[in-house]
Structure formats: structure tokens, C-alpha cells
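Written below as C-alpha cells is the structure these notes are about.
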Amino acid sequence: MIVPANFLSPAALSGLIEEFVTRDGTDYGATETSMEERVAQVRQQIETGEALILFDSATETTTIIPAADLAKIQAKNRQAE
């Protein structure tokens with residue numbers, strides 16, 4: 001389920017973004033960027049619709065994905081049903 005960012009409190013949205021940018025395996029390229037920069041980049045992507053907040057009711061987890069990946073996830077979910 002896509003969760004609109006405005007459904008989250010500012011604190012919850014910030015916490016979600018901070019958790020996302022500090023996950024193991026998150027790669028931001030060859031140059032090092034600060035956590036504040038990474039948070040700002042992801043927040044901007046959410047605001048412009050380039051990234052989406054997804055809640056998975058089966059696992060009760062929330063993640064942030066590129067909007068372009070949504071079709072892939074939906075196809076995978078249909079196969080699992």
C-alpha cells in the first residue's frame with residue numbers, strides 16, 4: 001500500500017527517512033555525503049513523487065522505493081497470490 005507522506009507526522013516521516021538512508025547496503029555513489037544531505041535528497045524525491053513510501057501489511061514493514069520500481073513490486077505481489 002502506498003502511504004502518502006502527509007499521512008505521517010513530521011517526526012515519523014523524518015524517522016522513516018533517517019532509518020532508510022542508514023540501512024546496510026544503501027549506496028550513494030563514489031562520493032561521501034552527509035546524513036543530512038542524504039535525508040534531504042530522499043525527502044525531495046518523496047515530495048516530487050520520484051520515491052514512494054510503501055507499507056507491507058503482510059510483514060508490517062514500511063520502506064521507501066523509487067516510483068519506477070512500483071510496477072515490478074506489483075507484478076511480484078500478483079505472482080505471490
**OP:** Would you tally the residues in segment 8-25 being surrounded by 10 or more Cβ atoms within 10 Å (Cβ to Cβ), at pLDDT 95 or above and hydroxyl-bearing (S, T, Y)?
**Re:** 1
**OP:** Select from segment 34-46 the residues that are surrounded by 13 or more Cβ atoms within 10 Å (Cβ to Cβ) and either part of a loop (DSSP other than H, G, I, E, B) or of a type in the set (A, V, I, L, M) (or both) and list them in ascending order.
**Re:** V39, A40, V42, I46
**OP:** Output the residues belonging to segment 47-73 that are surrounded by fewer than 10 Cβ atoms within 10 Å (Cβ to Cβ) and not in a loop (DSSP other than H, G, I, E, B).
**Re:** T48, T61, A71
**OP:** Scan (1) modelled with pLDDT under 85; (2) assigned to a helix (DSSP H, G or I) for the single condition Y28 breaks and write down its number.
**Re:** (2)
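The values are calculated or read from the model by the stated rules, or taken from the named source; none is laboratory data. As the structure is a prediction and not an experimental result, all values here were calculated from the model. Positions of Cβ are generated from backbone atoms using ideal geometry, with glycine treated the same way; all protein chains shown enter the neighbour counts.
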